[in-house]
Every structure is written in structure tokens, then in C-alpha cells.
Amino acid sequence: MSTPFEELGLRAWADPDEIRRAYRALVKQCHPDLIRDPVRKREAEQRMIRLNLAYEEALRLATPRQQAAFTRELPKEEAVTLAERMLQKGKPESALRQLMRAESRDAGWHYTHGRALMALERFHEAHEAFRSAVRMEPDNNEYRGGALEAALAEKKEKTVAGRMKKLIRGWRK
């Protein structure tokens with residue numbers, strides 16, 4: 001007997017998003033409504049039953065793991081490293097979640113926090129985060145540059161052109 005993850009063609013540590021993608025792809029391949037031959041249609045129905053059961057079980061098993069992974073506190077270096085990886089992948093929301101798990105906060109934490117907020121276009125909050133980093137390490141020009149960039153973006157956002165651009169982006173989403 002195979003595990004739910006094997007039935008879906010996944011690793012045992014797959015997250016819920018991977019499980020959903022794999023399930024949907026498999027369902028599209030073997031849905032009984034797509035098959036006319038009665039013998040193959042019955043086989044497809046059995047396969048769908050196995051897929052549905054595997055999907056439900058895999059999600060049940062993966063969800064507590066994911067929740068536990070996101071609630072455990074991390075040393076600040078590890079949280080910042082994970083957040084940096086998420087930013088490189090273009091996932092600023094995930095970066096913020098990782099940063100919030102840090103046990104403590106230093107200037108590097110505040111700088112990374114500011115970068116994640118900039119990616120989300122939350123310029124005022126980003127400016128505050130960069131300013132916190134500058135207060136902790138006043139001689140760090142990288143932190144100062146981040147604060148300046150956020151302040152300029154915040155100022156630009158308040159112009160008529162900036163508000164129109166934001167409004168248009170909101171319609172596209």
C-alpha cells in the first residue's frame with residue numbers, strides 16, 4: 001500500500017500548495033468524464049477515488065507540519081537568512097512571516113524587514129524599519145540608503161501621478 005504522498009507523486013514533506021497542484025494535475029489526466037470506454041471509465045473512477053482519499057490525507061498530514069514550522073521561534077540569524085531567501089524568490093509576504101519568528105531583533109533584522117516592506121510597496125513602514133536599523137548602526141551606509149530610498153518612494157507615492165499609478169495597479173489585481 002502506498003502513502004498518500006506517493007499516490008500523488010510527491011515527496012513526504014510536500015507542502016499544501018504542492019499537494020493541491022499535484023492533485024489537480026492528476027485529476028485532469030484521469031477524470032472519468034473524459035473517458036468513453038466503459039472499462040477504462042471504471043478504472044478512472046477507482047483512480048479518482050484513490051486520488052481523492054490521498055489528497056485529503058496528504059493535506060491533513062501536511063497542514064500541522066506547516067503550522068508548526070511557522071509558529072516556532074528561530075534565532076534571528078536563521079530568520080533573517082530565511083527571509084532573504086524568500087525575498088530572492090519574490091515572496092515578500094513569506095519573508096515577513098519568517099522575520100516575525102525571530103527571537104530578537106538587531107539592525108540587520110530591521111534592514112531586511114524594510115526590504116520586505118519595500119517589495120510590498122508599504123513605503124512608510126519600510127522607512128520606519130530602515131530608520132530603526134540606522135539608529136542601531138548609524139555608520140552603515142547601506143541602511144541609510146534604504147531609508148532614503150523608502151522616504152523618496154513614500155514622497156513619490158503621495159503625488160498625483162503616484163496615486164494614479166497605485167490606483168491602476170489595484171485595478172489590475
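The values are calculated or read from the model by the stated rules, or taken from the named source; none is laboratory data. Quantities reported herein were computed from a predicted structural model and do not represent experimental measurements. Here the Cβ is made from the backbone with ideal geometry for all residues, glycine too, and neighbour counts use every protein chain on show.
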Selected residue (criterion: nearest to LYS76 (Cα to Cα)) from residues of segment 99-152 that are aliphatic (A, V, I, L, M) and not in a helix (DSSP H, G or I): ALA102
Positions within segment 25-63 being within 31 Å of the chain's Cα centre (by Cα), of a type in the set (A, V, I, L, M) and exposed (fewer than 12 other Cβ atoms within 10 Å of the Cβ), in sequence order: ALA25, ILE49
Those residues of segment 97-107 which are over 13 Å from ALA147 (Cα atoms) and either in contact with a Pro (Cβ under 9 Å, 6 or more places away or on another chain) or touching a residue at least 24 places away in the same chain (Cβ under 8 Å) (or both), in sequence order: ARG97, GLN98, ARG101, ALA102, GLU103, SER104, ARG105, ASP106
Selected residue (criterion: nearest to THR63 (Cα to Cα)) from residues of segment 1-53 that are in contact with a helix residue (DSSP H, G or I) (Cβ under 6 Å, 6 or more places away or on another chain) and free of Cβ contacts under 8 Å to residues at least 12 places away in the same chain: ALA12
Answer residue from segment 1-24, given it is charged (D, E, K, R) and in a loop (DSSP other than H, G, I, E, B) and is surrounded by the fewest Cβ atoms within 10 Å (Cβ to Cβ) among those: ARG11
Residue in segment 100-110 that is modelled with pLDDT under 95, of a type outside the set (A, V, I, L, M) and in contact with a Leu (Cβ under 6 Å, 6 or more places away or on another chain) present: yes
Close pairs (8 angstrom Cβ cut-off, 6 or more residues apart or separate chains): within 19 Å of GLU154 (Cβ to Cβ) and assigned by TED's automatic domain parsing to the domain that holds ALA107 in segment 131-143, at pLDDT 95 or above and not in a helix (DSSP H, G or I) anywhere: ALA133/ASN140; VAL134/ASN140; TYR143/GLU137
Complete set of residues in segment 111-135 that are surrounded by fewer than 16 Cβ atoms within 10 Å (Cβ to Cβ) and modelled with pLDDT of 95 or more: ARG135
